[in-house]
There are 4 protein chains.
Amino acid sequence: MTKKFDLIAIGRACIDLNAVEYNRPMEETMTFKKYVGGSPANIAIGAAKLGLSVGFIGKLANDQHGNFIRQYMNESGVDTSNMITDDAEHKTGLAFTEIKSPQESSILMYRDEVADLYLAPEEISEAYIKETKMLLISGTALAQSPSREAALKAIELARKNHVKVVFELDYRPYTWKSKEETAVYLTLAAQKSDLVIGTRDEFNSLENSLSGDNDATVNSLFQHSPELIIIKHGVDGSYAYTKNGDVYRGYAYKAKVLKTFGAGDSYAAALLYALSKDKGIETALKFGSASSAIVVSKHSSSEAMPTVTEIEALIEEQDGGK
Amino acid sequence: MTKKFDLIAIGRACIDLNAVEYNRPMEETMTFKKYVGGSPANIAIGAAKLGLSVGFIGKLANDQHGNFIRQYMNESGVDTSNMITDDAEHKTGLAFTEIKSPQESSILMYRDEVADLYLAPEEISEAYIKETKMLLISGTALAQSPSREAALKAIELARKNHVKVVFELDYRPYTWKSKEETAVYLTLAAQKSDLVIGTRDEFNSLENSLSGDNDATVNSLFQHSPELIIIKHGVDGSYAYTKNGDVYRGYAYKAKVLKTFGAGDSYAAALLYALSKDKGIETALKFGSASSAIVVSKHSSSEAMPTVTEIEALIEEQDGGK
Amino acid sequence: MTKKFDLIAIGRACIDLNAVEYNRPMEETMTFKKYVGGSPANIAIGAAKLGLSVGFIGKLANDQHGNFIRQYMNESGVDTSNMITDDAEHKTGLAFTEIKSPQESSILMYRDEVADLYLAPEEISEAYIKETKMLLISGTALAQSPSREAALKAIELARKNHVKVVFELDYRPYTWKSKEETAVYLTLAAQKSDLVIGTRDEFNSLENSLSGDNDATVNSLFQHSPELIIIKHGVDGSYAYTKNGDVYRGYAYKAKVLKTFGAGDSYAAALLYALSKDKGIETALKFGSASSAIVVSKHSSSEAMPTVTEIEALIEEQDGGK
Amino acid sequence: MTKKFDLIAIGRACIDLNAVEYNRPMEETMTFKKYVGGSPANIAIGAAKLGLSVGFIGKLANDQHGNFIRQYMNESGVDTSNMITDDAEHKTGLAFTEIKSPQESSILMYRDEVADLYLAPEEISEAYIKETKMLLISGTALAQSPSREAALKAIELARKNHVKVVFELDYRPYTWKSKEETAVYLTLAAQKSDLVIGTRDEFNSLENSLSGDNDATVNSLFQHSPELIIIKHGVDGSYAYTKNGDVYRGYAYKAKVLKTFGAGDSYAAALLYALSKDKGIETALKFGSASSAIVVSKHSSSEAMPTVTEIEALIEEQDGGK
């Protein structure tokens, strides 16, 4: 059966307000540039730019920021037919980025009463989910009700319809009530996913531990649905574990870092693209790292998403004759 | 390995205020008698009275009603070491019962800001759960945070430690936000349980359907953890389905009905007792029905819980030479 | 112009559940008797029993307890045409009384999401308020929105229509967020009232002080609307201050005390009756004290409200030839 | 007695994010410039720029936006010693401005859980209020608790210490729950103020009416504390009413309008300056109109506040030989 979509992402689509004047504290930044942001939105935009057929399930504020997001995602080639407009005056999430130096950047978030967390389970369409090969959930969608229940229902419908579930842990402390609560839901969702992607710190949050061990993590999750688990260790690269016991290591590419945010989203977009195209896990890790190296050198997360040509050029350049 | 407890129940322990003058609308009832109530508390008390070794995990208001519950459960032989006292001025849940006629009774609930729904995941002790053979979850514990996360964590810890999970659906609409939300969590918990007990209506809530079919229900759940599913059809008796395809039917016993509440709790207590004692599914269904027939003829739910002798006498009397 | 009502009270009408077995901790009380309760409801019932023409503005839960209150107040002669039925599943406030000894009694309150605090300003009828000589506000009505705004609007409408405003401070800490907030609203309401009644402790709450002084209190309030201020000092009796500088002292009558609650409400009812009948301040203080002495010797607050004959008999008996 | 401050303002100090590319819908604006905003902050900054000695009472988010506001107000000459830093992760209010055309502009507000509305009554210093000649309250401070109680307490302390209370109605529907609630608090505050300033629409909100009449409005308010009432009618100018019956009319000056927001704040700042300097009501109205005409022709509200010289120049230019 042919599916309409390679990937449907579910969760938040927000606004990034990136410092126009940077390498300074935000107090001294007087101008901000507007971009679409939010992990699953960035991944969807990135994957579409790489050529995948992509859809999105989410809820948008009924205002100019919501309109802008819909329009931008449409223009990026993402199907927005299941991006619902909120009717209860919720707002678009905002992220003001502060870039003090390449090593030191931070984000000032506006996440109170944001529309994306009001996506409700009754708004999830089984017919839409049936049309995709992969469903991408980002952890933040689980942080509050009713988005939490919408995401859990989407996972259930994906499993029922043999759609692969990809879970990007995407742990952002500010939207969660407690570490215990976080661990409960990240665990529930990871156990029901086919592919789980996160940093080592994010897997620690899933386990409510301070310093977890990759082997213990994958042994525990492989007792459930996951077939492939990617654990990222920053500049030390990433590891891919498969249920049948294979381990792959990916290395970080050199980059002229402007800021670090956007790295994880571009990594996921390129990794999923490569897996979709059956390029194998090893190449998928390279795609992820290369895409990430490109985005951290640019000003935005969404608009900076690279093309396949750019990714392959960077891999060729840095891996050379290897 | 010998376990300290046959059964640990988790969830609410409340106060029933039963009409002293009945067969009339509550407006005309001027006096109310106080009992311990709440489905898992009733089941724990009932199981202890039948001779099982029983513990309880819950949160009690820091007031006279909370004190009374702890004291009564202790006297009933239930271990209350994991019944935590709330420190945030939450209240004890109340249920005023109205008994207009044997056919027509209703309950006026006080469930706003009740202590039991504030049991938090960090208050769940893995060491305690390890000590039991069975963990009983009642559906209402899943209705609100943080009790919801506490119950989900308890299930996870039970599975990890090979403790059998019993899930009594116990669906009470007034504590839930929506039918969709209910279906999400009842499904999640049922999939992770070994034994699921509920009325046909409660399984419909789990499925968010109006009229479900037993075969479809059990086929769906048997793809996950459940080994045994009990679906109750009121006066038409109950059905027990096993994962390997056996079906047993239980019949209701005749009873002089005073009111219908308490029926499900006494059923569960006696069924779990019989299963614990390896009496077989057929006998367990009889125990459940007999226990239920006894409680509906009495004024309370908790205090009315029968002994093994009473149950066996009723079975003997009504099944006769069969 | 003849007015239809001598008194309209605004605020809560609740249920008292009084210990049937008393002189013991509530944990050992197994039966509770149901009465109408709540300060302004008690005052309204008491005033009606004394022969005043009385109305009530409030909001009742849409359940059996709400029905009972309406019915009981109707039967007591209180006009309930402006007691609105809540349509949002709020509950009737409850007060379980514990009577350990005549000196030691306490109340276990259920005040979360109670219907009376959901009376909204748009539900206040100027036409109804116009029909009364006096409007009685009790402080608890100011504790939460929207009841707070309803009460403030009622005061404004009363002033506009030259209706005397009586403010019974009725300070109950459990419904208020902070002492500062309490002081703000008790002060606002007292400044706009003609008659203010409270215990010395309650006036301290109005002033957010630990130990206020009667002279300072009345000097401050007499700069605003009040004409008469009654400050109660428990067994030491009460003082009435008039704007033109007169001071009257009232003495407590001897009583065989069963419990202390209900004392303030019966005091207010009889005082307002006497003032309505132009019996003078001195007699009004006696009426208040006598009514109070009668109610503390009985089991309920509302049902125990005395008649004029009973009050006059007690005064005659204890004041004797004086 | 010499006072340290001519004016202390209380309420919100926020961030305006003004469209850099304008004369288009906000969806097409990609860059935003950051300014301090919020009615009382603008008035304080404007008054300081005109040479008054100004203080501010408010609560700032503990983040980069909060820091920026404090720094900017300090640099503008406003005393920020009573601007408290929030310790509960509340946010700075935001206003994204959309300028479609000079006639058509709108604001997209972020006002959920903003720090300014968490100013609490216990944070109001009587000693600080004593040091000013005028206290300016803006209506939005009354929209939610605990800021509402803080503002009511500040008014009470001002009256007690013979500080003139200026009330700028500043009605913004999005922070209020209902029109009824708005009317209750605007009325309460206006009755206790010496000077009340607002548009005709804002006075309608105070009265919860659709179309009020100036004479009725001032007759009603003059029964309470107000001595001077300013009612603004947009391009038709404004009226000043005094308690002793005088009426003054102010006319709008011609302006090259870029956007309309900021007009009211600059009006109030200049009016209060002129009244402080005893220039008389007639001149005060001119100062208000002139200041307003200057600000609507510029990009920001706060930074655009004019100097006395600029105001006098505009009056001279447009009033000419009159």
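Just a few scattered comments:
- A single member of D:108, D:117 is surrounded by 20 or more Cβ atoms within 10 Å (Cβ to Cβ) and more than 20 Å from residue D:305 (Cα to Cα), and it is D:117.
- The requirement of being within 14 Å of chain A (Cβ to nearest Cβ) and under 27 Å from residue D:288 (Cβ atoms) is not satisfied by residue D:54.
- Qualifying residue in segment C:151-163 (condition: acidic (Asp, Glu) and within 18 Å of residue D:176 (Cα to Cα)): no
- Of the criteria (1) buried (at least 17 other Cβ atoms within 10 Å of the Cβ); (2) within 12 Å of chain B (Cβ to nearest Cβ), which one residue C:41 fails: (2)
- Residues of segment B:124-136 that turn out to be buried (at least 19 other Cβ atoms within 10 Å of the Cβ) and within 14 Å of chain A (Cβ to nearest Cβ), as a count: 1
- Filtered by the rule that a residue be out of contact with any Ser or Thr (no Cβ under 6 Å at 6 or more places or on another chain) and among the aliphatic types (A, V, I, L, M), segment C:306-320 gives C:308, C:313, C:314, C:315.
- Within segment B:20-41, residues that are more than 14 Å from residue B:262 (Cβ to Cβ) sit with their Cβ atoms under 6 Å from residues that are part of a helix (DSSP H, G or I) and of a type outside the set (Asp, Glu), at 6+ positions apart or across chains, in these pairs: B:26/C:64; B:27/C:64; B:27/C:67; B:27/C:68.
- Within segment A:280-299, the residues that satisfy the criterion of being surrounded by 21 or more Cβ atoms within 10 Å (Cβ to Cβ) and polar (S, T, N, Q) are A:289, A:291, A:292.
- Residue in segment C:225-244 that is within 14 Å of chain D (Cβ to nearest Cβ), more than 19 Å from the chain's Cα centre (by Cα) and either surrounded by fewer than 20 Cβ atoms within 10 Å (Cβ to Cβ) or farther than 21 Å from residue C:136 by Cα (or both) present: yes
- Qualifying residue in segment C:176-184 (condition: farther than 23 Å from residue D:206 by Cβ and out of contact with any Ser or Thr (no Cβ under 8 Å at 6 or more places or on another chain)): yes
- Candidate set from segment C:152-171 (those that are under 20 Å from residue C:264 (Cα atoms) and touching a residue at least 60 places away in the same chain (Cβ under 8 Å)); member that is farthest from the chain's Cα centre (by Cα): C:165
- Residues (closer than 19 Å to residue D:92 by Cα and among the basic types (Lys, Arg)) located in segment D:109-167: D:111, D:148
- For segment D:248-274, the set of residues classified as touching a helix residue (DSSP H, G or I) at 6+ places or on another chain (Cβ under 7 Å) and over 15 Å from residue D:168 (Cα atoms) consists of D:248, D:250, D:251, D:252, D:253, D:254, D:255, D:274, listed by residue number.
- Whichever residue in segment A:1-21 is outside any strand (DSSP E or B) and surrounded by 24 or more Cβ atoms within 10 Å (Cβ to Cβ) and, among such residues, is nearest to the other protein chains (Cβ to nearest Cβ): A:13
- Of all residues in segment C:189-220, those being of a type in the set (A, V, I, L, M, F, W, C), surrounded by fewer than 21 Cβ atoms within 10 Å (Cβ to Cβ) and in contact (Cβ under 8 Å) with a residue 12 or more places away in the chain number 0.
- Subset of segment C:165-184 [surrounded by fewer than 21 Cβ atoms within 10 Å (Cβ to Cβ) and either among the β-branched types (Val, Ile, Thr) or not in a loop (DSSP other than H, G, I, E, B) (or both)]: C:173, C:174, C:179, C:180
- Selection over segment B:67-123 of residues that are part of a loop (DSSP other than H, G, I, E, B), charged (D, E, K, R) and within 14 Å of chain A (Cβ to nearest Cβ) gives a count of 0.
- Some residue of segment B:69-80 being in contact with a Gly (Cβ under 6 Å, 6 or more places away or on another chain) and within 23 Å of residue C:98 (Cα to Cα): no
- Evaluation of residue C:47 against (1) more than 11 Å from chain B (Cβ to nearest Cβ); (2) touching a His at 6+ places or on another chain (Cβ under 8 Å) (one fails), failing number: (2)
- Filter result (closer than 18 Å to residue B:142 by Cβ and at the interface with chain B (Cβ under 9 Å from one of its Cβ atoms)) within segment A:137-181: A:145, A:146, A:148, A:149, A:150, A:152, A:153, A:156, A:177, A:178, A:180, A:181
- On the stretch given as segment B:54-66, residues that are over 21 Å from residue C:25 (Cβ atoms) and outside any strand (DSSP E or B) total 0.
- Failed item, numbered, when residue C:178 is tested on (1) farther than 28 Å from residue C:274 by Cα; (2) in contact with a Lys or Arg (Cβ under 9 Å, 6 or more places away or on another chain): (2)
Matching residues to (1) over 19 Å from residue A:92 (Cβ atoms); (2) touching a Lys or Arg at 6+ places or on another chain (Cβ under 6 Å); (3) basic (Lys, Arg); (4) assigned to a helix (DSSP H, G or I):
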{"residue": "D:23", "(1), (2), (3), (4)": "yes, no, no, no"}
{"residue": "D:27", "(1), (2), (3), (4)": "no, no, no, yes"}
{"residue": "D:32", "(1), (2), (3), (4)": "no, no, no, no"}
{"residue": "D:35", "(1), (2), (3), (4)": "yes, no, no, no"}
{"residue": "D:41", "(1), (2), (3), (4)": "yes, no, no, yes"}
{"residue": "D:45", "(1), (2), (3), (4)": "yes, no, no, yes"}
{"residue": "D:48", "(1), (2), (3), (4)": "yes, no, no, yes"}
{"residue": "D:52", "(1), (2), (3), (4)": "yes, no, no, no"}
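- When segment B:202-217 is filtered for residues that are under 18 Å from residue A:122 (Cβ atoms) and out of contact with any helix residue (DSSP H, G or I) (no Cβ under 7 Å at 6 or more places or on another chain), the ones remaining, listed by number, are B:204, B:209.
- When D:277, D:259 are screened for being under 20 Å from the mean Cα position of the chain (by Cα), free of Cβ contacts under 8 Å to residues at least 60 places away in the same chain, surrounded by 16 or more Cβ atoms within 10 Å (Cβ to Cβ) and closer than 30 Å to residue D:74 by Cα, only D:277 passes.
- Considering only residues in segment B:286-322 that are aliphatic (A, V, I, L, M) and not in a helix (DSSP H, G or I), the one that is farthest from residue B:107 (Cα to Cα) turns out to be B:305.
Read-outs throughout are calculated quantities, based only on the coordinates presented, and are distinct from any laboratory measurement. This is a predicted model, so every value here is computed, not measured. Using ideal geometry, Cβ is built from the backbone for each residue, glycine included, and neighbour counts are taken over all protein chains shown.
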